[in-house]
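Contents: one structure, followed by commentary.
We did not get these values from a lab; they are worked out from the coordinates using the rules stated. Note that this is a predicted model, so its numbers are computed, not measured. No Cβ is skipped: glycine too gets one built from the backbone with ideal geometry, and neighbour counts run over all protein chains shown.
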Amino acid sequence: MKIIVLLGCALVACAQEFDSNFETMLVEVNRSRYDKALVQLFPVQNEIRNALNGKFPAMDTGLRDRIVEMANPSAVLSTIALLRTLINAKKYEDANAQAFLLGIGLSGLWTQLPAYRKFDFAKQDFAEAPNANTLRMLGYAAVDAREWEAARKAYTELLATPKLAYQSALTIRGLVELGQGNLLAAEKTLIESAKFPIGAAGPNLRLARALLDLDKRGVVDQFLAALEKSTWPQRSKAADWRKELAAGRRPDFGFLNPTN
């Protein structure tokens, strides 16, 4: 009996614990900060999956149909309200599916946001909390918005930070070089970027992807060969990607650390 009471108290505490997450999600969605709303969703998703022993929602027809509907803010807001209700009611199976849909909706809305708005948001974030992470995000946002001077300033400042930020700095520099038509410089920068320390989060592969789009397979192979000898804990992945290249296929880098 005591165990049941304790479990019930824990579930009630869990629901209350996430009230601030849901409130913040609503605020962030209403100001188009879908990226920050996603950050608030992650701990909720983790709690749901822990309650279900890591179970992911089943992709039935109904769930697939809802995915298409999630591409607008009103659907996202209603899903936030529904998810909150389901967690308070301890209906974790249903909450699992709604959290999955919400993640897709928020990601999609952030992707659709114009580059100039993301750049403005990145500038605000850096002004509020100037550090290597917000500076890195500002650099990538500047590249996407084709704000080359801002991107150049970001990578120059990153090169003055600890060496773990160097791969990011050089990736931003290479993207600027590529964006301004200096292909040879971008190729050299890609290879150089793999020679610096790379942490557990892994390398950023945006520049490698961009050069693969231009069929610069040899340069990307040199980059991957350097990654094999890097400090990256998962550097064995680079060997697998090289095998794909050697077989004439395009490596699937997946979603590995798109902003590092």
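General observations
- Once the gyration tensor of the Cα atoms in the stretch 105-233 is diagonalised, the equivalent ellipsoid follows with semi-axes of 24, 17, 14 Å, ordered largest first.
- Taking Cβ atoms as reference points and 13 Å as the exclusive limit, the residues near GLY199 contribute a net charge of +3, counting Lys and Arg as +1 and Asp and Glu as -1.
- Semi-axes of the equivalent ellipsoid for the chain, Cα gyration tensor, largest first, Å: 38, 22, 18
- For q = 0.11, 0.12, 0.16 Å⁻¹, Debye-computed log10 I/I(0) when each Cα of the stretch 2-112 counts as one equal scatterer: -0.33, -0.40, -0.68
- Environment charge at ARG84 (Cβ cut-off 15 Å; Lys +1, Arg +1, Asp -1, Glu -1): -4
- Total formal charge among the other residues, if their Cβ is under 15 angstrom from that of ALA160, Lys/Arg +1 and Asp/Glu -1: +4
- 3J(HN,Hα) along the stretch 23-31: 4, 5, 4, 4, 4, 5, 5, 5, 10 Hz, from the Karplus curve 6.51 cos²θ - 1.76 cosθ + 1.60 with θ = phi - 60°, whole Hz, x for Gly and Pro.
- Rounded to the nearest 20, the size of the Cβ-charge dipole of the stretch 2-112 about its Cα centre is 140 debye, with Lys and Arg at +1 and Asp and Glu at -1.
- If only the Cβ of Lys and Arg carry +1 and only the Cβ of Asp and Glu carry -1, the dipole of the stretch 187-238 around its Cα centre is close to 120 debye.
- Separation of the alpha carbons by more than 21 angstrom is noted, of LYS55/LYS91; LYS153/LYS237; LYS118/LYS163; LYS195/LYS237, for LYS153/LYS237; LYS118/LYS163.
- Overall, the chain carries a charge dipole of about 560 debye about its Cα centre when +1 sits on the Cβ of Lys and Arg and -1 on the Cβ of Asp and Glu, all other atoms neutral.
- Averaging Cα coordinates gives a centre for the stretch 62-109 and one for the stretch 209-240; these two points are 37 Å apart.
- In degrees, nearest ten, helix 92-112 long axis to first principal axis of the chain (Cα): 40
- With at most 15 neighbouring Cβ atoms within 10 Å, loop trypsin sites (Lys or Arg not before Pro) (DSSP) excluded, longest segment of the chain: 92-145
- Computed from Cα atoms, the angle from the helix 115-128 axis to the main principal axis of the chain rounds to 80 degrees.
- Options ALA75, GLN222, LEU63, ranked by Cα towards positive dipole end of the chain, top entry (Cβ charges): GLN222
- Helical runs (DSSP H, four residues minimum) scored at -39500 (n - 2.57) apiece and divided by the length of the chain put the mean residue ellipticity at 222 nm at -23000 deg cm²/dmol.
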